[in-house]
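K.L.:
First the structure, then my questions, so here it is.
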Amino acid sequence: MSETRVLVLVGSLRQASVNRQIAEAAATVSGDGVNVEIFGGLGDIPFYNEDLEAPAPATAQALRDAVEQADAVLFVTPEYNGTIPAVLKNAIDWISRPYGAGAIKGKASAVISSSISPYGAKWAAADVVRSLGVAGASVLEESTLSLGPVGQLFGEQHPREVADVRDQIGAVVDALVSAAGELLAA
């Protein structure tokens, strides 16, 4: 495999969010031959509605195409009210359709969650893992990374500036790249 393409879907729409910064860190820790791209536009995709599925709205189709073209997908999620943000769940719903043949089916996928709490949004991470499993993704559950409390972990620093966090994010990206290579070779 000449270049491994990892697509990152961020569950927070805020441009300066810690989750977006974690996604940016993932892009900086990837090695040679790895292209990590953060998908923009999740907030522009309408809520999944089977009546809109064929043809899908252009924004939803752009997401499906990006996932289809990626070798692996990294989901970065905060925790809203103890669970996954609606924008990320909506993305999973769109990429899981049509049922049994969605863009995420068989795709190497991993989850990084973060929170101001010491639990690091573990509930949201578990919900993303469960949704991806039902959608047919090849989820690397053992590579799930929960970061918290982010205020203490990062302070005023960007996650890529904190060596331990950068190394942990790098390990998730490395696991995704390895899993994608194995899936493509199979």
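The values are calculated or read from the model by the stated rules, or taken from the named source; none is laboratory data. Only a predicted model underlies this, so the values are computations on that prediction, with no experimental measurement involved. All Cβ positions, glycine included, derive from the backbone under ideal geometry; neighbour counts span all protein chains shown.
K.L.:
For the subset of region 92-123 comprising residues that are among the polar types (S, T, N, Q) and in contact with a strand residue (DSSP E or B) (Cβ under 9 Å, 6 or more places away or on another chain), which member is farthest from Thr144 (Cα to Cα)?
P.N.:
Checked region 92-123; the qualifying residue farthest from Thr144 (Cα to Cα) is Ser115.
K.L.:
Now for a different question. Do we find that Trp123 is touching a residue at least 12 places away in the same chain (Cβ under 8 Å), in contact with a Phe, Trp or Tyr (Cβ under 8 Å, 6 or more places away or on another chain) and not in a strand (DSSP E or B) in this structure?
P.N.:
Against the criterion (touching a residue at least 12 places away in the same chain (Cβ under 8 Å), in contact with a Phe, Trp or Tyr (Cβ under 8 Å, 6 or more places away or on another chain) and not in a strand (DSSP E or B)), Trp123 does not qualify.
K.L.:
Moving on. Out of all the residues in region 13-56, which are touching a Ser or Thr at 6+ places or on another chain (Cβ under 8 Å), within 25 Å of Lys122 (Cα to Cα) and touching a residue at least 60 places away in the same chain (Cβ under 8 Å)?
P.N.:
Across region 13-56, the qualifying residues are Val18, Asn19, Ile22, Val36.
K.L.:
Can you confirm whether Pro98 is in contact with a Gly (Cβ under 7 Å, 6 or more places away or on another chain) and surrounded by fewer than 24 Cβ atoms within 10 Å (Cβ to Cβ)?
P.N.:
In short, no.
K.L.:
Can you pull out every residue in region 2-30 that is among the charged types (D, E, K, R) and surrounded by 17 or more Cβ atoms within 10 Å (Cβ to Cβ)?
P.N.:
Within region 2-30, Arg5, Arg20, Glu24 meet the criteria.
K.L.:
Please enumerate the residues belonging to region 121-148 that are more than 23 Å from Ala72 (Cα to Cα) and either crowded, with 21+ Cβ neighbours inside 10 Å or at pLDDT 95 or above (or both).
P.N.:
Across region 121-148, there are no qualifying residues.
K.L.:
Moving on to the next point. Among the candidates Ser117, Ser109, which residue alone is among the hydroxyl-bearing types (Ser, Thr, Tyr), surrounded by fewer than 24 Cβ atoms within 10 Å (Cβ to Cβ) and out of contact with any Cys (no Cβ under 9 Å at 6 or more places or on another chain)?
P.N.:
Ser117
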